[in-house]
1. Roughly how many nanometres apart are two label points built 7 Å out from the Cα toward the Cβ at Leu63 and Ser103?
2. Could you tally the net charge around Asp189, taking each other residue with its Cβ under 14 Å from the Cβ of Asp189, Lys/Arg +1 and Asp/Glu -1?
3. Treating cross-link reach as a plain straight distance, find the lysines whose alpha-carbon is under 30 Å from the alpha-carbon of Lys61, omitting any fewer than eight places away in the same chain.
4. Could you grab the relative contact order for the range 163-258? Cα pairs under 8 Å, six or more apart, rounded to a whole percent.
5. Mind giving me the FRET efficiency for Asp158 and Asp195? R0 is 45 Å, r the Cβ-Cβ distance, nearest 0.05 is fine.
6. Where in the range 82-102 is the amide nitrogen less than 18 Å from a point lying 7 Å along the Cα-to-Cβ axis of Asp150?
7. For Thr138 paired with Asn184, estimate the spin-label separation in nm (one decimal), with each label point 7 Å from Cα along the Cα-to-Cβ line.
Amino acid sequence: MQQFSNKYKGILLVLCFIIMSWAIVALTLTNDNAYGADAEQGKKVYAKYCVICHGAKGDGKGLMDVIHRNEKSGLVWSIYPRDFTVGTYKFRTTATGCLPDDSDLMRMITEGIPRSGMPSHEDVSLEDRKSVAEYIKTLSPRWEEEDLCDVIEVKKPDWVASADSIMKGEKIYKDMKCWECHGNEGKGDGTKADDLKDDWGDKILPFNFTTGTLKRGSSPENVYLTFTTGLDGTGMPSYEDSLNEKDRWHLVSYTLKLMGKVK
Ligand code: HEC
Ligand code: HEC
């Protein structure tokens, strides 16, 4: 009897050990998601890297903002650091009006946003990047109040950038009046361009997408996401409801042409 219960205890001990190691592995895995990261640690990372632009309260009024606002003479046009207290994000893989996915925040923090002053933070450790993503979520009540949206699936058809698709896209660009903001050649000089303001009341230019990298990135998939999700807060609308998926890909073809990426 004594012998049996010792053996029993041994098996129990081994079982406990296996379960605990699984738990530890599972915890490390869920930490891959920014949701598992430590917002307290993120606050320190924020103070070190982000506060200069995004401000102590996360309202976008850091030191750089003061400099930018003083440039408002009209000679220099600037984009202001994002105000995190509102919870409105431009570069999402989720539908318009939704909060961004964790992967969106991580991508913006890691890669930065070309031509906007938002730097890349590739040199910051993965754990610190995750924790700061978690921290900026504490700055807006939206993250507590709202359910998260699904990530939009992007599957590029193989006819994108074909001559026929470019032609169809050109007609859609005209019909949907993209030119009102972006101009006939995509140079950002449309009839409405001078009067556009973003949700924060600052002047915003419809991007000249014919030169350089796009803010979200210049791949066909990125351009597709821009039409589909809209850039919330900027006036750049979402066309998810007004154009079917095929037409949005035709529009990608034409935009790629205006960008000089296809002949
Ligand atoms: C040199 C100034 C600067 C620094 C430093 C900076 N940012 Fe930004 N950030 C910006 C600007 C400017 C924008 C707005 C870009 C735009 O609207 O095109 C921005 C936008 C963002 C966005 C919004 C992306 C979207 O989809 O709307 C996030 C998230 C962000 N920053 C996170 C951070 C975090 C986290 C840090 C610190 C690790 C940081 N930023 C450091 C200037 C900065
Ligand atoms: C009401 C004005 C307006 C209309 C209409 C509009 N856009 Fe935009 N668009 C903008 C603004 C403003 C930005 C820049 C936002 C920023 O820099 O943060 C932008 C940005 C873009 C970008 C660049 C995204 C990036 O990653 O940098 C592309 C591409 C684009 N628009 C294409 C289009 C196309 C194609 C249409 C028509 C289907 C269209 N837009 C309609 C205002 C508009």
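Derivation of every value follows stated rules applied to the coordinates shown; laboratory data play no part. In this text, all values refer to a predicted model and were calculated from it rather than measured experimentally. For neighbour counting, all protein chains shown are included, and Cβ atoms are generated from backbone atoms with ideal geometry for every residue, glycine included.
1. So the two model labels end up 3.6 nm from each other.
2. Local charge sum for Asp189: -2.
3. List returned: Lys43, Lys44, Lys48, Lys72, Lys90, Lys130, Lys137, Lys187, Lys192, Lys197, Lys203, Lys215.
4. Details: 130 pairs, mean separation 32.6, N = 96.
Relative contact order comes out at 34 percent.
5. After rounding, the FRET efficiency stands at 0.65.
6. From the range 82-102, the list is 92-102.
7. Taking the two extended label points, one gets 5.4 nm.
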